[in-house]
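Data block below; observations after.
Throughout, read-outs are computed from the coordinates displayed, never taken from laboratory work. Source: prediction; values computed, not measured. Glycine also receives a Cβ, built like all others from the backbone with ideal geometry; neighbour counts cover every protein chain displayed.
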């Protein structure tokens, strides 16, 4: 069984959750990988998403402890749990409910899925500090979404998955000092079927 993970946590994240296929059984193993020096309690929410219909189904929520400097198995998902057109999405949260990261696992190559054409919309809000907050929504799943805005603003995320009914909020985390020109056209890009 081949599988494709979409690496979504920041590359410097010291705690992440990933999925790995077992080539012998086809089972998908969810793992918490920690580079932290202390144990960290987290709750991992696991869902399946149908690429065609956009239907999202809850598979489970797993409260566990990510052990210091190690990888810990969270759960095993039997291959028959997923429809052929579905992939996994999961996020992990701390005890206060703050999202620490998000990730996906596609049992097939991304282009093997027949994603329906999404209708993606954005709304922009100017904050008191002059920075922008962008809210991005979609009526269908969309992978590898990027927001091309030009200019010097560095946003909180610029490669993400959109799910129906789940807005993604982008905020400016800092500005470059290169004084790049603002683009008059803001573009969204995503994986096309």
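Assorted remarks:
- Expected-Rg normalisation [2.2 N^0.38 Å, Cα atoms] applied to the chain: 1.10
- Cα-Cα separations in the stretch 4-111 greater than 25 Å, expressed as whole percent: 18
- Stokes-Einstein D for the stretch 51-94, Kirkwood Rh over Cα pairs, 25 °C, 0.890 mPa s (µm²/s): 190
- Relative contact order for the stretch 4-111, counting Cα pairs under 8 Å that sit 6 or more residues apart, in percent: 34
- The value of relative contact order for the chain, using C-alpha pairs under 8 Å at least six residues apart, is 19 percent.
- Sorted by Cβ density within 10 Å, fewest first, the residues 115, 132: 132, 115
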